[in-house]
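Here's a structure for you.
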Amino acid sequence: MSGRVLVGVKRVIDYAVKIRVKPDKTGVVTDGVKHSMNPFCEIAVEEAVRLREKKLMKEVIAVSCGPQQCQETIRTALAMGADRGIHVEVSGKDYENLGPLQVSKIMAALAKKEEASLVIVGKQAIDGDCNQTGQMTAALLDWPQGTFASEVSVDGDGLKVEREIDGGLESVRIKMPAVVTTDLRLNEPRYATLPNIMKAKKKKIASVKPADLGVELTSRLEILAVEDPPQRQSGVKVEHLVEDCPVASPSTLGIEVGGVLCCRGGTCLSSQYTVITAGLD
Amino acid sequence: MTFNWVRRISKLSRWQGAFQSCIFSCKRYSVQEQCRVPSSVVEAFRAVTGSDGVSMGTAVREQHGKDESVHSCRPPDVVVWPRSVEEVSALARLCHQHSLPMIPFGTGTGLEGGVGALKGGVCFDLQKMDRVLDFHAEDFDVTVEPGVTRTRLNSYLRDSGLWFPVDPGADASLCGMAATSASGTNAVRYGTMRENVMNLEVVLSDGTIVHTAGKGRRTRKTAAGYNLTNLFVGSEGTLGIITKATLRLYGIPEAVVSAVCSFSSVQAAVDSTVQILQCGIPIARIEFLDDVMIDACNRYSKLSYPVSPTLFLEFHGSERSLEEQVSLAEEITKANSGSDFSWAKDQETRSRLWKARHDAWYAALAIRPRCKAYSTDVCVPISRLPQIIVETKQDLTQNRLTGPIAGHVGDGNFHCLMLLDPTDPDEVQRVQEFTDRLARRALAMDGSCTGEHGVGLGKRALLREEVGPLCMGVMEGVKASLDPQNLMNPGKVL
């Protein structure tokens, strides 16, 4: 089996960063915030590189859609072992509205153009949490898909994919060309090491525009507002005993919540207060 | 604290006071009913940090009076959360004015009782200062604030090909690691905090902010002036509060190979270690587990290592250099009648191979359920290691103590994980005496009473024996000069 693997990598806010919502509620603060490759994309790159190292695939191409900074993300993929990169230039309003549908169209167009045998993407991005791109790409290409992969092996002219589903593990056999989306336990991605980072600087990243691929980027979605989750209410010292509680009913009296009676360090059943044990603050 | 107490008392009397005294009487330490910090000073603290930056709550204070050692909880009177070095300085000035003890607090993962507030006072919890600043990939350095832990820094650095290798096991604050001169399993190749801290920003007891190597300086070497950076490394909060550390970074190893090899005797295992080092093999980790520990690990992790002294090795380097390193190391172990090497290259198999070493702490605890564990920590020149380990094992047997041994033999440093029943005063006494004998045994062999955990609360007398009264006098002079009122973490180290 010898073919090309197309791997989608997304530049997202680093998972360790505390997200802050912009005051105008149009989005989250991204300026000056640390960005890195989406963790599921790292797993996808690792799997693709392992397939090539096992000589089951001959070339790994890393693709990213977005502004100039996406090239850093592609370089990380190259440092992990991808052979070349493709940067699909999307910026400004188009980038703000870029979603799974647009990305899938781009990936489908590139998969055809590069004559890929396999497209691997992360199961979801940690910013959008959409879990749609892989599936839409497969649908647009009319290719089979193995999603939430926790194990991938080549089986003749197809792939055997072990999928993590709610009920446990499901094994499917899919013919190539196919789309795979990676789940957490598929592999442990390697770190980019200094010599590989140096070598990656020499690998090629081609730039294309979505229009060159015949992809139109209008979004059918409009973001109305982005808001913080409701603030946790401050605690209130409850001065009275359970028997006096205005919201506790006879059936809730004497119920132990976490080993303590309601209104004594347990959870206020009226959900109005975060209850603190009297005497401690 | 039994819940029934609470119910009964609250039904008997509806006074808060009764409830309060019930909770207090169930604790093992005595909490001062009268706080030593005047309320006007607490208000002044709030003016600096904001109202949510100060707490006097009992639970909060208890949390800050205890670390991971067996020393009992000694809570401070107040806990403050400064958000910047300017706030630390302002708070320190207030404490200095009112002669209040100050105790810096990172992650509370210390092992020698360093955070106990023996004289009450103010605990400076620095976790809100958690930025990674000034990362220079080309120069292999980064500056961090005290809230940044080791794993967080390495996660931040992962795309750059660099890492900070000092690994004490716990996910500790890097500035805290600087304060205790921490080390870890790969010190044999990458050094300890002493070798890897290039500059510190410190707040002294009177609020003065000092950059020990000069502000912003980050050279790989310097001959400029007194080495103040290394004075504060290992000072355990007794000379100042560390608010920034500039650290030396290393390249992430291209490839890693782990190996395990067992021996018929401690001597053979340590001889192999010494010879591996003398060959110049840049071994990254070389860990020793004695037969008791291996037995515990076999039971706990359901493994089947031969029950005898065992070495766990790890090699870092390029693919080709690893082949050389491993084959040379294997020759050496074979020459010492070591078993065949079991070795692994990929992450998943390496983790399995080293599982015994990773689970050692828990495996030791599982030997005797419901017991606490105390880890001893001494360091000797490598050539004396076989002797001290053999004598220590004899001591354990003679005194009916359970103490599986794990050691960083490449540094001559080893730990006995003493299992003790805290409710048995005889056993507690025997463990204490054993620990003192062990430390003195190490001192008698040109060693040190603490390889990496620090002096803290329990080893001050041993420090005196180790350095001698004249050197002690110099240390006390330095302390008196930097902290004449003895406000910085009083009762520790000296």
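Mind checking which lysines have their Cα closer than 17 Å to the Cα of B:LYS479? Skip sequence neighbours fewer than 8 apart in that chain.
B:LYS492
Using amide H atoms built in the peptide plane, which far-off residues or other-chain residues are under 5 Å from B:ALA213 H to H?
B:LEU200
If you don't mind, another one. At each listed q (0.05 Å⁻¹), what is the log10 of I(q)/I(0) that the Debye formula gives for the protein assembly as shown modelled as equal alpha-carbon point scatterers?
-0.33
Shape verdict for region A:4-213, please, from the Cα gyration tensor: rounded (a/c under 1.5), prolate (a/b greater than b/c) or oblate.
Working: a/c = 1.45, a/b = 1.31, b/c = 1.11.
The shape class here is rounded.
Sticking with this structure for a sec: Over 25 Å between C-alpha atoms is what I'm after, so list which of A:LYS25/A:LYS105; B:LYS215/B:LYS459; A:LYS123/A:LYS175 land there. Mind showing how you got there, number by number?
On the way: A:LYS25/A:LYS105 29 Å; B:LYS215/B:LYS459 34 Å; A:LYS123/A:LYS175 20 Å.
Result: A:LYS25/A:LYS105; B:LYS215/B:LYS459 exceed 25 Å.
Working from Cα positions, state the angle (0 to 90°, nearest 10) between the long axis of helix B:460-482 and the longest principal axis of chain B.
Orientation of helix B:460-482: about 50 degrees from the principal axis.
In addition: I'd like the mean, over residues of A:193-203, of how many other protein chain beta carbons sit within 10 Å of each residue's own Cβ.
The shielding value for this peptide is 3.
Enter the angle in degrees (range 0 to 90, nearest 10) between the Cα long axis of helix B:266-278 and the first principal axis of the Cα atoms of chain B, meaning the one along which they spread out most.
90 degrees
If I model a spin label at B:ASN227 and A:LYS204 as a point 7 Å from the Cα along the Cα→Cβ vector, what separation in nanometres do I get?
5.3 nm
Continuing with this model, one more query. What whole number of Å gives the distance from the Cα centroid of region A:172-225 to the Cα centroid of region B:289-328?
39 Å
Here is a further query. Enumerate the aspartates and glutamates that A:LYS58 could reach by cross-link, defined here as Cα to Cα under 18 Å, with residues fewer than 8 away along the same chain left out.
Qualifying aspartates and glutamates at Cα under 18 Å: A:GLU46, A:GLU47, A:ASP83, A:GLU114, A:GLU115, A:ASP155, A:ASP157.
Among the lysines, select those whose C-alpha is under 21 Å from the C-alpha of A:LYS22, and discard any that sit fewer than 8 residues away in the same chain.
A:LYS34, A:LYS93
Sticking with this structure for a sec: Shielding of B:158-171 by partners, i.e. mean partner chain Cβ atoms within 10 Å per residue?
On the way: counts 8, 15, 6, 11, 5, 2, 0, 0, 0, 0, 0, 0, 0, 0.
The mean count of partner-chain Cβ atoms within 10 Å per residue comes to 3.
Still on this model: Helix B:319-335 versus the longest principal axis of chain B: what is the Cα-based angle in degrees, 0 to 90, to the nearest 10?
70 degrees
A further question on this structure: Using a 10 Å cut-off on Cβ to Cβ distances, tally the other chain neighbours for every residue of B:247-257 and report the average as a whole number.
Mean shielding by partner chains, rounded to a whole number: 2.
Would you mind checking A:LYS18/A:LYS204; B:LYS66/B:LYS221; A:LYS10/A:LYS199 for any pair whose Cα atoms are more than 28 angstrom apart?
Values: A:LYS18/A:LYS204 34 Å; B:LYS66/B:LYS221 37 Å; A:LYS10/A:LYS199 22 Å.
In this structure, A:LYS18/A:LYS204; B:LYS66/B:LYS221 lie more than 28 Å apart at Cα.
So what is the calculated 222 nm ellipticity per residue for the protein assembly as shown, using -39500 (n - 2.57) for each DSSP H run with n of 4 or more, over all residues, to the nearest 500 deg cm²/dmol? It would help to have the intermediate numbers written out before the result.
Details: 25 runs with 255 residues, N = 775.
Here the helix-only value at 222 nm equals -9500 deg cm²/dmol.
Using the Karplus curve 6.51 cos²θ - 1.76 cosθ + 1.60 with θ = phi - 60°, what ³J(HN,Hα) values do you get for each residue of region A:116-126, in whole Hz, with x for Gly and Pro?
6, 8, 8, 10, 10, 9, x, 5, 7, 9, 6
Using alpha-carbon positions, what is the distance between the centroids of region B:217-235 and region B:463-494, in Å?
20 Å
Now, a different point. Whole Å is fine, so just give me how far the alpha carbon centre of region A:1-73 lies from that of region B:102-177.
A separation of 28 Å, based on Cα centres.
All of the numbers you see were taken from the coordinates with simple rules; none came from a lab. From a predicted model like this one, the values you see are computed outputs, not experimental measurements. Counting neighbours? That spans all protein chains shown, and the Cβs are built from the backbone with ideal geometry, glycine included.
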